[in-house]
Amino acid sequence: MRKLTLVATAIGGVLLAASASAQDSPATCQAEPGQAFVGGPASAETGAQIQAATGARTFQWVFENSPVTMDYRPDRVRVVYDRAMKVIAVTCG
């Protein structure tokens with residue numbers, strides 16, 4: 001449980017950083033570079049690397065099978081992870 005709490009806290013830090021950078025400049029997400037992270041750990045460091053690799057302005061962690069908004073945002077990268085804290089999908093939109 002402690003590990004999950006630490007990862008959740010770290011992920012929150014990435015989300016705050018993503019929110020701050022979202023106001024700086026427009027960007028368009030490119031999902032293909034993010035595919036290299038599929039199968040890797042879902043961590044704050046990985047999240048930051050995915051955001052940089054995809055060029056996304058905003059970042060969102062999504063636990064598998066969780067509901068998400070259907071609005072399309074060309075500047076957003078979504079990273080889906082599973083119970084084992086592994087990245088299972090990287091998508092833009």
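The values are calculated or read from the model by the stated rules, or taken from the named source; none is laboratory data. As the structure is a computational prediction, the values presented were derived from the model and not from experiment. Only protein heavy atoms, including side chains, enter the accessible area calculation; ligands, DNA and RNA are left aside. Shrake-Rupley method; radii C 1.70, N 1.55, O 1.52, S 1.80 Å.
Do you know which residues across region 25-71 are under 15 Å from A84 (Cα atoms) and assigned to a loop (DSSP other than H, G, I, E, B)? Answer for region 25-71, where residues must be under 15 Å from A84 (Cα atoms) and assigned to a loop (DSSP other than H, G, I, E, B): V38, G39, G40, A42, S43, E64, N65.
To keep it simple, each residue is scored yes or no on (1) open to solvent by 60 Å² or more (accessible area, probe 1.4 Å); (2) of a type in the set (D, E, K, R).
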residue	(1), (2)
Q35	yes, no
A52	yes, no
A56	no, no
R73	yes, yes
V80	no, no
R83	yes, yes
V87	no, no
V90	no, no
G93	no, no
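On the stretch given as region 77-92, residues that are charged (D, E, K, R) and in a strand (DSSP E or B) total 2.
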